[in-house]
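Take this structure, written in C-alpha cells, and hold onto it; I'll ask about it next.
Please treat every number below as a calculation from the coordinates, not as lab data. Note that the coordinates shown come from a computational prediction; the quantities given were computed from them, not determined experimentally. Glycine also receives a Cβ, built like all others from the backbone with ideal geometry; neighbour counts cover every protein chain displayed.
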Amino acid sequence: MTWKLERRCWMKLNDMRISAVGGTICSIWASLSLGDLFQTALLAAVGTMVSFVTSRLLGKLRKRE
C-alpha cells in the first residue's frame, strides 16, 4: 500500500467511527427525557448513601468484636 492509499483508508475508517458514535449519541439523546435523568440521578444518590451507611455499620460491628 502506498502512503496516500493508507491515509485514505484510515480517514474512511475514522469518518465511519465518528458517524457511528454521532448516530448513537443522537439516538440516545432522543430517547431520554428529563424525568429519566432525574430518576437516574436520584437512584444513584440513594445507592451511594445505602452503600456508605452499610460500610459504616459493618465497620462498627467489626470494631466491637
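Which residue, 26, 48, 38, has the largest displacement toward the positive end of the dipole of the stretch 16-65 when charges sit on each Cβ (Lys, Arg +1; Asp, Glu -1)?
48
Still on this structure, please answer the following. Can you work out ³J(HN,Hα) from phi for every residue in the stretch 43-60, in order, using Karplus 6.51 cos²θ - 1.76 cosθ + 1.60 and θ = phi - 60°, giving whole Hz and x for Gly and Pro?
5, 5, 5, 5, x, 5, 5, 4, 4, 5, 5, 4, 5, 5, 5, 5, x, 5
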